[in-house]
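Taking it in order: structure first as structure tokens, then the write-up.
Coordinate-derived values only; no laboratory data. For clarity, every value in this text was computed on a predicted model and none was experimentally measured. As a convention, Cβ positions derive from the backbone with ideal geometry for all residues, glycine included, and neighbour counts pool all protein chains shown.
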Amino acid sequence: MKRVLVIASNTCQDPYPVYPLGASVVAGALRQAGYPTLVHDLALEASPDALVRVLEAFDPDCIGISVRNVDNVDSLSAEASWTGDALRDLVARLKTCGKAPIILGGPGFSLMPEALLEHSGADYGVTGPGEVALPALLDRLSIGKASPRIVAAPGSSRRVIGPAAWDDSVLPEYLKRGGVPGLHTKRGCPNACLYCGYPLVEGTIVRHRDPLEVVEDLRLARDRFGAREFFFTDAVFNDPEGGHLHLAEVLVRANLGVRFGAYFQPRRTTDAEWTLLKRAGLMAVEAGTDGGCDRTLEGLNKPHSMDDVFTFQEMCHAHRVPCAHFVIFGGPDETMETLEEGLANLDRLQGGCVFAFLGLRLHRGTGLHRLAVQEGRIQAGDALLRPTFYLSSHLDPALVEDRLRRAFAGRRDRFFPPEEGNLRMRVLRRMGYSGLLWDTLPTFASYKHGVIRS
């Protein structure tokens, strides 16, 4: 039976070390399918000598590389964070060590499969759920069947979401380094936000895991590794169908004594729902606020309004749930007027953190990509392999950057540029803090209708 080496290629440690969930899930599926599999994480051991030792000891018949991110989507530092050449060098190094076919996968690869496969020199690639696509590709190759270089998981198989399959040698290291293990409770995003790649990677139909399977993953990580805090990596945890509330009820009954953070859409939520989520272990919320005023939200095709955002923040504050809002300036039709309106609105988010970005990363297949082509900013056939950003033509980038820096200066709960937030998180880690880190910054006072009362 073919031995498979799965390499987690992400080495970024900001804002905190991220356990390679995708590589772990795929490795578990491969073992379940009968393929002896080893995970090697470059974030834990990146030296070429260590990789050679792994190759010599394990002698893989096939090598999979998980590509989590291609860059950090920050227009001010994305070029320095771009991983394309590092991936190409890794593939070249592997090919000097043997003849095992090299297969790329992961969300970063799924966003630009043709361009990354060509640039890296790898042999094959799989898009979509790797826990389905990779075993299927290996089955074909094992019996000598020809295969396309890029294989997509069949549509029906997208409903399969494998267990975390926590890696005994990898997860303990992340916990030592203060990381928060990620976990899927669902996949798919029904929203059609103009710039977002989630629907391209996960599809537009929401598929929920069985809550009991989620509980079992949490229980295993707690009992075997001592993990007590997790982050649910769903595109949107508080889905309109209410699956998150059903999961919360199951978590309350399971009484695991663990806590979790998650990505939320800032929409109206009742006191009863917040109470349930807190009882289930909710410790922090990262909100996809994205715009600073209604005009920019409409331009990004977001499904919420600023009134929704204000109400959402008030409820987070009332229930003492730390909330971080992620906001992007520079989208379609953004002007200095809407930017100033947005900054004034962000000042109303008392008790919440704000992480701001300038410009939107362009990805093929998104509405923003189509708009950029229509406006003549890029050509339809451009691969967009290297970081390429959209910024409203009404803005001067230098003036906007200066304005945002001045607006956020001296605020412990405001972060711009993004690298400033990373620097502060590194300081907290050196001081011994662990976990999400930003959730230690908000303070809770009496909050009513957007007014802090001492």
By the Kirkwood definition, with r running over pairs of different Cα atoms, the stretch 389-443 has a hydrodynamic radius in Å of 13.0 Å
Full extension between residue 411 and residue 310 adds, at 0.36 nm per residue less the Cα distance, a length in nm of 34.4 nm
Projected onto their principal axes, the Cα atoms of the stretch 4-159 stretch, largest extent first, over whole-Å spans of 47, 37, 27
Mean projected area, convex hull of alpha-carbon positions in the stretch 142-264, reported to one decimal in nm², is 10.2 nm²
Out of 100, 116, 32 - ranked by how far each Cα lies towards the positive end of the dipole of the stretch 4-159, with unit charges on the beta-carbon of charged residues - the top one is 32
If every Lys and Arg gets +1 and every Asp and Glu gets -1 at its Cβ, then about the Cα centre the chain yields a dipole, in debye to the nearest 20, of 940 debye
Here the stretch 312-327 yields Karplus 3J(HN,Hα) values (6.51, -1.76, 1.60; θ = phi - 60°; whole Hz; Gly and Pro given as x) of 4, 5, 4, 5, 4, 5, 4, 9, 6, 10, x, 10, 10, 9, 9, 10
By the rule of another cysteine's Cβ lying under 4.7 Å, the cysteines of the chain that fail to get a partner are 12, 62, 97, 189, 293, 353
In whole Hz, the Karplus estimates of ³J(HN,Hα) for the stretch 429-435 (6.51, -1.76, 1.60; θ = phi - 60°; x where Gly or Pro) are 5, 5, 7, x, 6, 9, x
The stretch 300-388 -> Rg/Rh from Cα coords, Kirkwood Rh, value 1.06
Charge dipole of the chain built from unit charges on the beta carbon (Lys, Arg +1; Asp, Glu -1), centred at mean Cα; most positive-end Cα among 75, 349, 301 is 349
Residue-ordered couplings for the stretch 46-55, obtained by feeding phi - 60° into the Karplus form 6.51 cos²θ - 1.76 cosθ + 1.60 and rounding to whole Hz (Gly and Pro as x), are 9, 5, x, 4, 5, 5, 4, 4, 5, 4
In units of 2.2 N^0.38 Å, the Cα radius of gyration of the stretch 1-96 is 1.13
Taking the chain and counting helices only, DSSP H stretches of n ≥ 4 at -39,500 (n - 2.57) each over all residues, the nearest-500 ellipticity at 222 nm comes to -11500 deg cm²/dmol
Among beta bridges assigned by DSSP with both residues in the chain, the antiparallel ones amount in percent, to the nearest 5, to 15 percent
Of all lysine pairs in the chain that are eight or more residues apart or on different chains, those with Cα atoms under 28 Å apart total 12
Dividing the alpha-carbon radius of gyration of the stretch 244-382 by 2.2 N^0.38 Å, where N counts its residues, gives 1.23
Here the percent of antiparallel bridges among DSSP beta bridges lying wholly in the stretch 257-414, to the nearest 5, is 10 percent
Long-range share for the stretch 106-147, i.e. C-alpha pairs more than 14 Å apart as a percent of all pairs, stands at 51 percent
Rg (one decimal) and Dmax (whole number) from the Cα set of the chain, in Å, equal 21.9, 72
Per DSSP, the loop-located chymotrypsin sites (Phe, Trp or Tyr not before Pro) within the stretch 295-357 having at most 14 other beta carbons within 10 Å are none
Computed over the stretch 93-193, the distribution of all Cα-Cα distances in 5 Å bins, rounded to whole %, is 2, 10, 16, 18, 19, 17, 12, 4, 1
Percent relative contact order for the stretch 4-159, counting Cα pairs under 8 Å at least six residues apart, stands at 22 percent
Long-range amide H partners of residue 186, meaning residues 5 or more apart or on another chain whose placed amide H is closer than 5 Å, are 209, 234
From the Cα centre of the stretch 211-285 to that of the stretch 393-438, the distance in Å is 28 Å
Sorted by chain and then number, the residues having a modelled amide H within less than 5 Å of the amide H of residue 41, at least 5 places away or on another chain, are 8
